[in-house]
Each structure stands twice: as C-alpha cells, then as structure tokens.
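In what follows, a structure is listed as structure tokens, so that the remarks can point back to it.
The values are calculated or read from the model by the stated rules, or taken from the named source; none is laboratory data. Computed from a prediction, not measured in an experiment: that's the story for all the values here. Virtual Cβ from ideal backbone geometry, glycine too; neighbours counted across all protein chains shown.
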C-alpha cells in the first residue's frame, strides 16, 4: 500500500539554524500539506500546496517558513532561522483531490531546537 | 475561524465493550469530517470520514454520525479490541486545511 514517507525521523538543531524537512508524498497525489504538533497540543495546519503554488496557509506559516517541490517526488518544508518554539512534530500529508478529500499522513519528523 | 472541541480526553473501556468519542465544531461551512487514529511513534492514520450530505457512515466495527444542526459528530467503535488502543483525533474542514480536535486517548482494558 502506498504511503507518505518523511526524513529525517528526528532532527536536532541549534536556534538560528536553517532546517529542511523532507517528504515523499504518495506518487499519484497532487495536493500536499504540512502540519505540526507541539507536544501536548493540537495538530495545527501550516500550509497546503498544489500545482507548484501555495493554495492556503495559516498564521503560523510566516516568512521564516517556505515550501518547495524541488523535483517530481519530494516536498520540503524549510525553516530559515529556527526558534525554540519551533520544536514540534512536523507531519507531511498528501491527497489526490483538493478540498474535502482524504489526507494521508507520514510518520512525522520530530524537530528539537536547542 | 473554525474551532473543534473533542471529548473525552481519555476513555477507558473493557475489551468487547463500545467506545464513543464526541466532537463539536463551530463553523457551519465545514463539510468534511475525518477521524484519525494515531499509535505511538506513528503518524495519524485515517480510519473513517463523513461528509455533510450524509448523517451516518459505517465500516465494520467503526461508525461515524453527524448532526449538522447541532454541529457535532461522533465516532463509535463496537466490540473493542486491544489493538484499538491509541489516540483518536477528529477534524473538520471547509477548505484545504483540517482543523483538529485535541485527541482522545482510548485505553482498552483486558
């Protein structure tokens, strides 16, 4: 069964450093998403991406964040200058259709900013 | 914006009994309501979903009901088994983003 994969599973970085989290969505899916979950809190939407453009983003997704589909298989989330409060579990998801369609999630990347 | 509330935060049931988790939402424009199961160390797994043009949907031991008027929806698991132990999340959406509940830790007692 096809699945979303994410690398690395755990990333430790120092405050102020740039990090790139990587995702390989399900191959025939066209819509891609990033969510995050701070320990003990709700899962929060960050951004959705379709046709090489951001289709929707939340207030959390400020200028420090960017997304890219550098090739036909990868989807990345970059945090330019990490802050302590960026420590969280980051989940990538993909869907074959847009609004109101099933989103399938990867296992997550745990980001720890020290 | 949309807000989703989920109850209870923890639910402990005897193996074989039923479990019910409830969610309410605030935005009447929401039209898609998925439920996810998350096991330790894994990402959320979609287990069932319902759209606003349907009042109930069932898949084997799992069912979801939706009351649009009251803006609430529920997950029902019957004949619970040890492998049902996990954290369950409800979510609501009217666009691309899913707005999540806080999660329910379901514990199945042997």
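Conditions tested, residue by residue: (1) within 22 Å of residue B:49 (Cα to Cα); (2) more than 11 Å from the chain's Cα centre (by Cα); (3) at pLDDT 95 or above; (4) within 13 Å of another protein chain (Cβ to nearest Cβ).
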site: A:40; (1), (2), (3), (4): no, yes, no, yes
site: A:51; (1), (2), (3), (4): no, yes, no, yes
site: A:54; (1), (2), (3), (4): no, yes, yes, yes
site: A:69; (1), (2), (3), (4): no, yes, no, no
site: A:80; (1), (2), (3), (4): no, yes, yes, no
site: A:90; (1), (2), (3), (4): no, no, yes, yes
site: A:93; (1), (2), (3), (4): yes, no, yes, yes
site: A:113; (1), (2), (3), (4): no, yes, yes, no
Only residues that are more than 14 Å from chain A (Cβ to nearest Cβ), surrounded by 13 or more Cβ atoms within 10 Å (Cβ to Cβ) and assigned to a strand (DSSP E or B): list them for segment B:57-72, please.
B:62, B:63, B:65, B:72
Complete set of residues in segment B:86-102 that are more than 21 Å from residue A:33 (Cα to Cα) and crowded, with 18+ Cβ neighbours inside 10 Å
B:86
Among the residues in segment B:72-80, are any touching a residue at least 60 places away in the same chain (Cβ under 8 Å) and within 30 Å of residue A:31 (Cα to Cα)?
no
So which strands (runs of 3 or more DSSP E) stay within segment B:1-43 end to end and still have 2 or more residues that are loosely packed, with under 12 Cβ neighbours inside 10 Å?
B:10-14
Within segment A:21-53, how many residues turn out to be assigned to a strand (DSSP E or B) and loosely packed, with under 14 Cβ neighbours inside 10 Å?
1
Output the residues belonging to segment A:87-114 that are over 16 Å from residue A:24 (Cα atoms) and in contact (Cβ under 8 Å) with a residue 60 or more places away in the chain.
A:97, A:98, A:101, A:110, A:111, A:112, A:113, A:114
Taking the conditions exactly as written (within 13 Å of residue B:98 (Cα to Cα), within 13 Å of chain B (Cβ to nearest Cβ) and crowded, with 20+ Cβ neighbours inside 10 Å), does residue A:104 satisfy them or not?
yes
Kindly provide the set of residues from segment B:73-109 that are more than 17 Å from residue B:20 (Cβ to Cβ) and either touching a helix residue (DSSP H, G or I) at 6+ places or on another chain (Cβ under 7 Å) or within 14 Å of chain A (Cβ to nearest Cβ) (or both), ordered by number.
B:91, B:92, B:93, B:94, B:95, B:96, B:97, B:98, B:99, B:100
